[in-house]
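Each reported figure results from applying straightforward, stated rules to the coordinates on display, with no laboratory input. Please read these numbers as outputs of a predicted model, since none were measured by experiment. Cβ sites come from the backbone with ideal geometry, for glycine too, and all protein chains shown count toward neighbours.
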Amino acid sequence: QKESILSIRDIGIQVETVYINGRTVSRFIERSKISDIIINEGITMLQVKFYMAIIVEGQDKMVVVFQHLLPKYSILIQVYRGTRSIIFNESEESVENTEGFQSI
């Protein structure tokens, strides 16, 4: 299984999942419809899992990136900073200083 995110400045984001059986699911989100990109936490009985999500205007559900792989927080924060810098034209340093998370 493979999951990827492709961010293209001024165009949008493509999220893709390739399953073990070879089936591929892709979703493209136009830049004009992206409200925000966040890191959220999901709490289970035994652990806290961090995930990255895209909030899309006019939709009730967020688009979860890497929903099957759930990478470590340190990797997730790098992808988050890079994606925000491309989509919202922010410098990665400003994302680091304003988002409230610390790298582990």
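Each peptide in 72-82, 51-61 gets a packing score, the mean of other Cβ atoms within 10 Å over its residues, and the list from highest to lowest is 72-82, 51-61.
A Stokes-Einstein calculation at 25 °C with viscosity 0.890 mPa s, built on the Kirkwood radius of the chain over Cα pairs, returns a diffusion coefficient of 170 µm²/s. Each residue of the stretch 38-53 is assigned a 3J(HN,Hα), and the resulting list reads 10, 10, 10, 10, x, 10, 10, 4, 10, 7, 10, 10, 8, 9, 9, 9 Hz, derived from the Karplus form 6.51 cos²θ - 1.76 cosθ + 1.60 (θ = phi - 60°), x at Gly and Pro.
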